[in-house]
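K.L.:
Sharing a structure with you now.
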Amino acid sequence: MIHQIDENKKVIDIISIMPEYFTSFLKVGLVERALKTGLVEINIINPRDFSEDKHKRVDDKVYGGGAGQLLMAEPILKAYEYSLANYKYKNKKHITVIMSASGKLLDSKMAEDISGYSHIIIICGRYEGIDARVTDISGGVEVSIGNYILSGGEIASIVLIETIGRYFKGFMGNPDSLKEESLSGNLGKILEYPQYTKPKILKGKSVPDVLLGGNHKMISEWRAESALKKTAENRRDYFSENNKKTE
Ligand code: SAH
């Protein structure tokens, strides 16, 4: 298949031994639309297809002992090389992300940085993880989506794509939505204010009057105040982070 060279097109290659995880992900919502319009191309590459073992094994015991199996470097690196060879377009800068519980913690800044690359290769681990030489040889960055352990990198990679996609030009229906989300305010990290839609009264609970009044200045003030209150309640740690930045 000959791929058209398009500088703006994002190519995401996901390396995973469980491609079934992505079946519905690719068929719904903004991702489905981006695939249809050609803004994004997403390929799932299965290291098992590159295994030279007659049983197509991709895992083995851990050197030095310890519980469980580890994904072997070779099938993953072959899948990785396949991805590089397929999309070595002149203008495509690639980044390799290895989903890992011991990686750097994903945040919106990191997501925005990753979204700037036009060829994004994501490697998903399983079992006890991946032979460490995959990171060394690919020069990839290990990324964790949170302080907990999942059974595999597939859901983590979906989380990553859902957040980086928001920064792709043309991905969001309304690009302004991005500006008003939590964590993107001028004051530094701040959570979003509470929002309401119809009906005005639900089980005796009314939408705050100020939001129905149409006074934009008052609405902005209420939102700023509520955002601060919410941040103080749920993420007090953001205040000290924001202060550090302005010192
Ligand atoms: N033994 C590893 C955990 C392996 S979990 C450890 O203690 O660090 C198996 C796979 O799930 C990992 O290789 C990784 O790809 C994925 N995974 C688990 N938790 C994750 C997290 N918080 N963020 C990103 N990927 C994660």
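The values are calculated or read from the model by the stated rules, or taken from the named source; none is laboratory data. Note that this is a predicted model, so its numbers are computed, not measured. So basically every Cβ, Gly included, is an ideal-geometry build from the backbone, and we count neighbours across all protein chains shown. SASA here: full protein model, heavy atoms, side chains in, ligands and nucleic acids out. Shrake-Rupley method; radii C 1.70, N 1.55, O 1.52, S 1.80 Å.
K.L.:
Quick one: with all protein chains in place, what share of the accessible area of the range 3-165 is carbon or sulfur, to the nearest percent (1.4 Å probe)?
P.N.:
Carbon and sulfur atoms account for 51 percent of the accessible area of the range 3-165.
K.L.:
Roughly how many debye, to the nearest 20, is the charge dipole of the range 3-165 about its Cα centre, given +1 on each Lys and Arg Cβ, -1 on each Asp and Glu Cβ, and no other charges?
P.N.:
Using Cβ point charges on Lys, Arg, Asp and Glu, the range 3-165 gives about 320 debye.
K.L.:
Rounding to the nearest 20 debye, state how big the charge dipole of the range 183-246 is about its Cα centre with +1 on each Lys and Arg Cβ and -1 on each Asp and Glu Cβ.
P.N.:
160 debye
K.L.:
Something else about it: What order, most packed first, do the peptides 160-170, 139-149 have when packing is the mean number of other Cβ atoms within 10 Å of each residue?
P.N.:
160-170, 139-149
K.L.:
With the cut-off at 26 Å, tell me which of the pairs 92/169; 54/78; 27/56; 27/104 have Cα atoms farther apart than that.
P.N.:
27/56; 27/104
K.L.:
Cα axis of helix 73-86 to longest principal axis of the chain: angle in degrees, 0 to 90, nearest 10?
P.N.:
70 degrees
K.L.:
Here's a follow-up. Among 178, 211, 157, whose Cα lies farthest out toward the positive end of the dipole of the chain, if unit charges sit on the beta carbon of Lys, Arg (+1) and Asp, Glu (-1)?
P.N.:
211
K.L.:
Identify, among 69, 140, 224, the residue whose Cα sits farthest towards the positive end of the charge dipole of the chain, taking +1 on the Cβ of Lys and Arg and -1 on the Cβ of Asp and Glu, with the dipole about the Cα centre.
P.N.:
224
K.L.:
Next question. Residue 216 to residue 49: FRET efficiency via 1/(1 + (r/R0)^6), r the Cβ-Cβ distance, R0 35 Å, to the nearest 0.05?
P.N.:
Plugging the Cβ-Cβ distance into 1/(1 + (r/R0)^6) gives 0.05.
K.L.:
In the structure displayed, which of 36/198; 36/109; 189/244 lie more than 20 Å apart, Cα to Cα?
P.N.:
Long pairs (Cα-Cα over 20 Å): 36/198; 36/109.
K.L.:
Which one of 31, 94, 84 is farthest out on the positive end of the charge dipole of the chain, using unit charges on Cβ (Lys, Arg +1; Asp, Glu -1) and the Cα centre as origin?
P.N.:
Value: 31.
K.L.:
Quick one: helix 237-246 against the long Cα principal axis of the chain, what's the angle to the nearest 10°, folded into 0 to 90?
P.N.:
Helix 237-246 sits at roughly 90 degrees to that axis.
K.L.:
Which residue fluctuates the most in the chain, going by a Gaussian network model with Cα springs under 10 Å, if the choices are 62, 210, 31?
P.N.:
210
K.L.:
With a 10 Å cut-off between alpha carbons and a GNM built on the chain, which of 157, 16, 177 moves the most?
P.N.:
Fluctuation is largest for 177.
K.L.:
Right, another one. Using packing as a proxy for protection, rank 105-115, 198-208 so that the peptide with the highest average count of other Cβ atoms within 10 Å comes first.
P.N.:
105-115, 198-208
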